[in-house]
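Notes follow once the structure below has been shown.
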Amino acid sequence: MDLGTCSRARLARDARFDGKFFIAVLTTKIYCRPVCRSRTSKESNVRYYPTAAAAAAAGFRPCLRCRPECSPGTPAWLGTQNTVARALRLIDESGLEDGGVEVLAERLGIGARHLRRLFLRHLGAPPNAVAQTRRLQFAKKLIDSTSLPMIQVAVASGFGCVRRFNAAIRKVYRRSPTQIRQLTRQKAMSAENQYLFRLNYRPPYDWQGMLAFLAPRATPGVEIVADGIYRRSISWKEHHGYLEVSPDEKNHALAVRVHWSDPQSLFFIIARVRSMFDLDADWTAIAETLKCDPALRRQVEANPGMRVPRCWNGFELAVRAILGQQITVAGASALAGRLAQSFGRRIELADGLTHIFPSPEVLAGADFADMRLPASRGETIRGLARAVCDGQISFERILDSDRFLERLEQVRGIGKWTAQYVAMRALGEPDAFPSADLGLLRALGLRSSRELDQRSEAWRPWRAYAAMYLWSAAHNGGDPAHPREHERTRRPNLSGPVRPILPSRADVPRRMTINN
Ligand SMILES: [Zn+2]
């Protein structure tokens, strides 16, 4: 980004640029988000940094007013194949606690010095500074928005011990953690094991569009979309709980309430929720590219801010995609509900959330005879589950998407369509694109996936967003329409039925309960 753009965004307090750069003020030695309401400084007193870590590394302290820790994340500007983006994902999942930069570089298959150079070029700070800033930011969030004892905040944000945590907070904020908590003057503390976070995005954000996609696909007993709120059961490392997500448009945020007994996993859970709802997307860049295609332009302008709905659990999403092959979305959701009830762990959490989605270990040997599931589909699910149990396929810490997808397609019954769909929604590849999809072909009046591939070249690297727009428009509500994947050589049959699945935007009901 050039200085002129940064300057204009700063003076306009433009929320679309929130998280894309930070403003440091030489006179106060403090850095802010572009949306900060503090008095605007003279341009000559201002420096711009690409990340909070870069501003911190240059000796600036975070503003207590605009709270840089609340800004939307670094845009996924080059997709997950980019080394820096992959490294950031690993840091989000592990906090760089187990082994430091050397181990991180090794996992990425490059040298530590090269990784350092890449970080400096793209983020303006070395990996350990980025990790340290993320830890501090998360600690600040926990101090501000929870009533967790400080010792638990220290552990949950990866500091290991309270002494290190206190020292780090004091150094950066010139206040003790307790003094910072007093500043927020929280009125109502939430109940035990409940945490409320506000996760910011860069506007616009099409929440209704997000729900319109998620609602018909909600797995009964595991997910519920009702009253404009998304809820689901979650499990991680032997713990289970649930989360509720609702919009907070005024603050350009989603409100996320996590019901969870182990504060140590909150860092991971929040990173996962940010990814699930695609909060780091850089809408301005996406819209600019997609608007070059006249067919997309109309839709982008009519419904700005559409995101790619990702998932809580990649294995669950892949199973759901297999169940959906060649049947309606409603049929697939009902099947997924029966699968969860037959094989998932039963839990008593909240109204309607009765099960945890079954694990690969359980499904690897599952007998689907009672499920009215085509035998080949059952075999594909077992094949996928076995590959996960054997370690052939891992949905965690995916480092190389191409290799991952190759292995996924080796499972009998998983073809290119399912693989690209999984890449879109489980890997978060912004450029993934199921070009064999009948709904996409039909939306543009094209006859072959080759034609679609050619046309979609201009949408790179945002083809997943183009797919979302085209599905949503296909009848003001088209949907993924699978070609027959187990007959791989067969060409898409354009005279076949493309099923109407998504409700039209106008039809998205206010109340949508998918749990009966
Ligand atoms: Zn500020």
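The values are calculated or read from the model by the stated rules, or taken from the named source; none is laboratory data. None of these values were measured; they are calculated from a predicted model. As a convention, Cβ positions derive from the backbone with ideal geometry for all residues, glycine included, and neighbour counts pool all protein chains shown. Quick note on the areas: whole protein, heavy atoms, side chains included, nothing else; ligands and nucleic acids left out. Shrake-Rupley method; radii C 1.70, N 1.55, O 1.52, S 1.80 Å.
Data table
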item: Qualifying position, being over 26 Å from the mean Cα position of the chain (by Cα) and either hydrophobic (A, V, I, L, M, F, W, C) or crowded, with 16+ Cβ neighbours inside 10 Å (or both), among Arg382, Arg425, Arg412, Arg372; result: Arg382
item: Some residue of region 32-48 being away from the ligand (no atom under 12 Å from the Cβ), part of a loop (DSSP other than H, G, I, E, B), hydroxyl-bearing (Ser, Thr, Tyr) and open to solvent by less than 40 Å² (accessible area, probe 1.4 Å); result: no
item: Breaking point among (1) within 16 Å of the ligand (Cβ to nearest atom); (2) open to solvent by 30 Å² or more (accessible area, probe 1.4 Å), for Gly19; result: (2)
item: Any hit, region 116-134, residues being within 26 Å of the chain's Cα centre (by Cα), open to solvent by 50 Å² or more (accessible area, probe 1.4 Å) and of a type in the set (A, V, I, L, M, F, W, C); result: yes
item: Answer residue from region 331-360, given it is under 14 Å from Ile224 (Cα atoms) and of a type in the set (A, V, I, L, M, F, W, C) and is surrounded by the most Cβ atoms within 10 Å (Cβ to Cβ) among those; result: Phe357
item: Top-ranked residue of region 49-82 - restricted to ones that are open to solvent by 70 Å² or more (accessible area, probe 1.4 Å) and within 14 Å of the ligand (Cβ to nearest atom), ranked as nearest to Arg460 (Cα to Cα); result: Arg67
item: In region 311-330, the residues that are aliphatic (A, V, I, L, M) and either open to solvent by less than 40 Å² (accessible area, probe 1.4 Å) or under 18 Å from Ala387 (Cα atoms) (or both); result: Leu317, Ala318, Val319, Ala321, Ile322, Leu323, Val329
item: Every residue from region 290-325 that is assigned to a loop (DSSP other than H, G, I, E, B), farther than 19 Å from Arg425 by Cα and not charged (D, E, K, R); result: Cys292, Asn303, Pro304
item: From Ser94, Ser145, residue being under 30 Å from Arg403 (Cα atoms) and hydroxyl-bearing (Ser, Thr, Tyr); result: Ser94
item: Lone qualifier among Phe343, Phe395 - being hydrophobic (A, V, I, L, M, F, W, C) and without any contact (Cβ under 8 Å) to a residue 24 or more places away in the chain; result: Phe343
